Amino acid sequence: MSITSFSLATIKGLLVVLTESILALFLLSGFSFVAYSEAKEIPEQEVEKAELVLQPEKGTWYLGDKPYSGYAIAHFSDGSIESRLGYWEGKKEGYAQKWHINGQVRYEAFYIANRLEGKARAWTSKGVLVKEANYVEGYTHGVQKHWYDEGEPFKVMNYNMGLEEGLQSAWRKNGALFINYEAKNGRFFGMKRANACYELKEEVIQF
């Protein structure tokens with residue numbers, strides 16, 4: 001093999017490794033390749049969310065007589081930003097964010113054509129992560145994690161396109177396990193006790 005051939009082969013190998021590494025990091029980031037490849041480019045314009053009107057039968061948001069493309073924002077009474085969400089031709093699209101009144105991020109998610117896609121997270125006003133969920137085409141899919149407001153593990157659930165599938169576990173704030181069962185083909189096997197008398201006070205599901 002000539003030096004030139006060796007160099008080309010080496011470069012080609014490095015490019016393959018680099019491509020695979022970038023893809024792995026991309027997948028670990030929580031958003032699927034489909035989410036980025038299909039997401040629309042939102043026009044850089046903003047309106048107050050209160051100006052948009054939903055036509056429920058179409059699942060479409062309108063500004064005046066036209067489906068809206070751009071960002072909708074909402075504010076707290078003191079003028080600070082409360083939420084920002086993109087729309088494309090009247091459908092929720094791209095990144096969605098909410099904030100607590102102290103400026104701490106409250107919720108982040110990603111939409112494609114009104115459907116949640118990829119990873120969604122929620123935090124308390126103190127910055128404690130309390131929920132991490134994964135979505136595919138609007139369905140909960142894969143591992144879903146919940147924590148108590150001070151960071152203690154609360155629940156770890158597994159879903160397959162919106163349906164419970166696999167091991168499901170939940171703990172009380174003191175660490176005691178009170179739910180531990182397996183969901184399989186619509187049936188449940190194991191310890192499925194009553195839910196704890198607790199709600200995540202600052203958790204946000206979606207817009």
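Details
- Qualifying residue in the stretch 198-206 (condition: on the phi < 0 side of the Ramachandran plot and modelled with pLDDT of 90 or more): no
- Number of residues in the stretch 48-84 that are surrounded by 11 or more Cβ atoms within 10 Å (Cβ to Cβ), modelled with pLDDT of 95 or more and of a type outside the set (A, V, I, L, M) equals 17.
- Pairs where the first residue, in the stretch 64-90, is under 15 Å from His100 (Cα atoms) and the second is open to solvent by less than 10 Å² (accessible area, probe 1.4 Å) and modelled with pLDDT of 95 or more, C-beta under 6 Å, 6+ apart: Ala74/Ser83
- Flag for Ala109 being touching a helix residue (DSSP H, G or I) at 6+ places or on another chain (Cβ under 9 Å), within 24 Å of Lys126 (Cβ to Cβ) and at pLDDT 95 or above: no
- Residue in the stretch 135-144 that is over 18 Å from Arg115 (Cα atoms) and among the acidic types (Asp, Glu) present: no
- Top-ranked residue of the stretch 114-140 - restricted to ones that are polar (S, T, N, Q) and more than 10 Å from the chain's Cα centre (by Cα), ranked as modelled with the lowest pLDDT: Asn114
- Taking the criterion of being out of contact with any strand residue (DSSP E or B) (no Cβ under 6 Å at 6 or more places or on another chain) and of a type in the set (Lys, Arg), the residues of the stretch 36-80 that qualify are Lys58, Lys66.
The values are calculated or read from the model by the stated rules, or taken from the named source; none is laboratory data. Given the structure is predicted, the values throughout are model-derived calculations rather than measurements. Don't worry about glycine lacking a Cβ; one is built from the backbone with ideal geometry, like all the others, and counts go over all protein chains shown. To get the accessible areas, we keep the full protein, side chains included, count just its heavy atoms, and leave off ligands, DNA and RNA. Shrake-Rupley method; radii C 1.70, N 1.55, O 1.52, S 1.80 Å.
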